[in-house]
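Before we start, here is the structure in question, set down as structure tokens.
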Amino acid sequence: MQKFEYYAPTRIVFGEDTEKRAGELAREYGASRVFVIYGGGSAKKSGLLDTVEASLKDAGLASFCSGGVVPNPRLSTVRRMIGEAKEFGADFILAVGGGSVIDTAKAVAHGTANPDVDVWDFWLRKVALTRSMPIGAILTISAAGSETSDSSVITDDSKEPWTKRGINTEFNRCRFAIMDPKLTMTLPVYQIASGVADIFMHTDERYFTTILGNHLTDQLAEGLFRDIIEWGPKGVADPQNYEAMSEIMWCGSVSHVGMTGVGAKGDTGREGDWGVHQLGMALSALYDVTHGPSLTATWGSWARYVCSENPARFAQLGRRVFGVTEADDEKAAEAAIAAVEKFYQSIGMPISIHELMGRELSDEELAAVAKECSYDYTRKIGTFKVLDADDILEIYKMAR
Ligand code: NZQ
Ligand code: ZN
């Protein structure tokens, strides 16, 4: 095993009715004036927001609620909320929602704590983030893993074409994450499936690494794959199945907290690949498509494009997770790729861009997506196989 550092500071409070502890927990982490962020209305409709406000009030905390975060959350919303949070005099940011709400909360925390900096400059890496505000989360969808991750992904909607960018920093860590699986039972089935796909992918992106020989990490990853493959479809079939929704929820956090990638390269883990996330994020930037299916639509083409770098790795996934018995590595790798695609299809996820978009993208449209993905031809993506703009376009064409 190589050198590593592992740090996962978020306190997880898991189980039924834990949302009633929001006030007590926020106060414990120093809150007195809590700026509460939510999305398009599901938290209001379910009564969750009322529960949270009552809990904050009972703990003697002042609160201000601000909604309107949309999936693939936008910079314009972040800027509006920074203004509101400053005016309110917030000293704690509480996210009530999914990845989009939590990522917005992180951005609002950074912007509010740094009034002299244009918040987007942190995402453009023009300015280093050196301070922020405490954040907490009440999770309502198991998917992005933002409740425990060090990332925040925001879309700049201020000019065409839109761009979607992420930053990783320890300031993105929530102080606490309240996770009540019951809160996820009101989700539309498509959102549950999209979340299951994203959860699978967060460990998949770490599994396809060039740093091998880390056996416990591999087994943790493979255990997570097996669990989400077992329970994901059960949750999609019946969102009222508490056991399934609990497994999906815990998988979501474990998949993206670094644990399934620990092994080398400093920080939180061994170097993952993350190429498929970059392919999917460019599609979401230009077409505002849901994150999970943007990954499943391109994964198979990515896998076939990069497989020859190390077919044994794909074969290991096939044998240990999908029960592939083929002795030849290349044949086992092919079987593994087909098995992952079959899993995606079983939960109603697309495995091509055509299925994702409901139409075929033209050569010009795919070239524009490749341009966004390569940041105007200025960067390469991936580590399992490093991909330049030509490779990226080729994969999009294969996925078309
Ligand atoms: O806005 P509301 O009305 O709440 O509706 C949301 C939204 O339409 C709905 N929803 C959430 N909880 C619900 C519910 N509907 C009914 N009942 C509930 N309990 O679900 C829809 C999707 O919500 P969203 O927050 O967008 O989902 P998700 O958690 O998948 O987040 C996606 C965003 O996270 C980013 C993605 O790129 C995308 O922008 N990611 C963030 C990561 C991170 N910070 O670590 C990592 C990921 O790879 C990902 O990139
Ligand atoms: Zn993701």
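Have a look at Cys373, Cys251, Cys65 and tell me which one the Gaussian network model of the chain (Cα, springs below 10 Å) gives the largest fluctuation.
Result for the chain, Cα springs under 10 Å: Cys65 fluctuates most.
Quick check for you: which residues of the stretch 124-164 have the amide N under 20 Å from the point 7 Å beyond the Cα of Phe14 toward its beta carbon?
136-151
Using θ = phi - 60° and the Karplus relation 6.51 cos²θ - 1.76 cosθ + 1.60, list the HN-Hα couplings for the stretch 308-315 in order, rounded to whole Hz, with x at every Gly or Pro.
5, 4, 6, x, 4, 5, 5, 4
Say the dipole of the chain comes from +1 at the beta carbon of Lys and Arg and -1 at that of Asp and Glu; which of His202, Met259, Ser284 then lies farthest toward its positive end?
Met259
Give, as a single signed number, the net charge of other residues whose beta carbon lies under 14 Å from the beta carbon of Arg33, with Lys and Arg counted +1 and Asp and Glu -1.
Charge balance near Arg33 sits at -1.
Okay, moving on. Using the charge dipole of the chain (Lys, Arg: +1 at Cβ; Asp, Glu: -1 at Cβ; taken about the Cα centre), state which of Pro233, Gln191, Gly136 has its Cα farthest towards the positive end.
Toward the positive end, the furthest listed residue is Gly136.
In whole percent, what relative contact order does the stretch 1-89 give with Cα contacts below 8 Å and a gap of six or more residues?
About 32 percent, as a whole number.
So, one more: Peptides 124-130, 174-180, 155-161: what's the order by average Cβ count within 10 Å, highest mean first?
Output ranking for 124-130, 174-180, 155-161: 174-180, 155-161, 124-130.
Nearest 20 debye, what's the magnitude of the dipole of the stretch 149-201 about its Cα centre given +1 on Lys and Arg Cβ and -1 on Asp and Glu Cβ?
So the dipole magnitude of the stretch 149-201 works out to roughly 100 debye.
With θ set to phi - 60°, apply the Karplus curve 6.51 cos²θ - 1.76 cosθ + 1.60 along the stretch 250-262 and write out the HN-Hα couplings as whole Hz, x wherever there is a Gly or Pro.
Karplus values, whole Hz, x for Gly and Pro: 6, 4, x, 6, 5, 5, 10, 9, x, 4, 7, x, 5.
Separate question: Compute the relative contact order of the stretch 46-158 as a whole-number percentage, counting only Cα pairs closer than 8 Å that sit 6 or more residues apart in sequence.
Relative contact order comes out at 32 percent.
Same structure, new question: Rounding to the nearest 20 debye, state how big the charge dipole of the stretch 1-110 is about its Cα centre with +1 on each Lys and Arg Cβ and -1 on each Asp and Glu Cβ.
Computed charge dipole of the stretch 1-110: roughly 360 debye.
If you don't mind, there's one more thing I want to ask. Tally the DSSP beta bridges in the chain and give the antiparallel ones as a percent, rounded to 5.
25 percent
Can you give the FRET efficiency to the nearest 0.05 for Glu360 and Ser158, using r as the Cβ-Cβ distance and R₀ = 25 Å?
On the way: r = 30 Å, r/R0 = 1.19.
Efficiency, rounded to the nearest 0.05: 0.25.
Helix 189-207 against the longest principal axis of the chain: what's the angle in degrees, Cα atoms only, rounded to the nearest 10?
So the helix axis and the longest Cα principal axis differ by about 60 degrees.
Excluding Ala335 itself, what net charge comes from residues whose Cβ is under 12 Å from its Cβ, given Lys and Arg +1 and Asp and Glu -1?
In short, -3.
Further question: Which of Asp150, Asp116 has the fewest other C-beta atoms within 10 Å, and how do the rest follow up to the most?
The most exposed by this proxy come first: Asp116, Asp150.
Which of the peptides 381-389, 226-234, 32-40 is most tightly packed, and how do the rest follow, going by the mean number of other Cβ atoms within 10 Å of each residue? Mind showing how you got there, number by number?
Details: 381-389: 20.1, 226-234: 18.3, 32-40: 23.0.
Answer by packing, highest mean first, reads 32-40, 381-389, 226-234.
With unit charges on the beta carbons (Lys and Arg positive, Asp and Glu negative) and the dipole taken about the Cα centre of the stretch 10-61, which residue among Val13, Gly60, Val36 sits farthest to the positive side?
The Cα lying farthest towards the positive end belongs to Val36.
Between Glu230 and Val386, take the C-beta separation as r, use R0 = 41 Å, and let me know the FRET efficiency to the nearest 0.05.
Numbers: r = 34 Å, r/R0 = 0.83.
For R0 = 41 Å, the calculated efficiency reads 0.75.
Oh, and also: What number comes out for the charge environment of Leu183, summing +1 per Lys or Arg and -1 per Asp or Glu over other residues with Cβ under 11 Å away?
-3
Still on this model: Find how much the distance from Ser32 to Glu330 grows on full extension, using 0.36 nm per residue of separation minus their present alpha carbon separation; answer in nm with one decimal.
101.4 nm
Can I ask one more? Round to the nearest 10 and give me the degree value, 0 to 90, for the angle of helix 363-373's Cα axis relative to the longest principal axis of the chain.
Compared with the principal axis, the helix lies near 60 degrees.
What shape does the chain have by the C-alpha gyration tensor, where a ≥ b ≥ c are the square roots of the eigenvalues, rounded means a/c under 1.5, and otherwise prolate means a/b greater than b/c and oblate the rest? List each step's numbers first, then the result.
Details: a/c = 1.69, a/b = 1.42, b/c = 1.19.
Prolate, because a/c is 1.5 or more and a/b exceeds b/c.
What is the magnitude of the charge dipole of the chain about its Cα centre, with +1 placed on the Cβ of each Lys and Arg, -1 on the Cβ of each Asp and Glu, and no other charges, expressed in debye to the nearest 20?
Computed about the Cα centre, the dipole is about 740 debye.
Restricting to bridges with both residues inside the stretch 66-192, how much of the DSSP beta-bridge set is antiparallel, in percent to the nearest 5? Please report the intermediate quantities before stating the final value.
Values: 6 of 16 bridges.
Here the share of antiparallel DSSP bridges comes out near 40 percent.
No value in this document is a laboratory result; all are computed from the given coordinates. Here the structure is a predicted model, which is why all the values come from computation and not from measurement. Cβ atoms come from the backbone with ideal geometry, glycine included; neighbour counts cover every protein chain shown.
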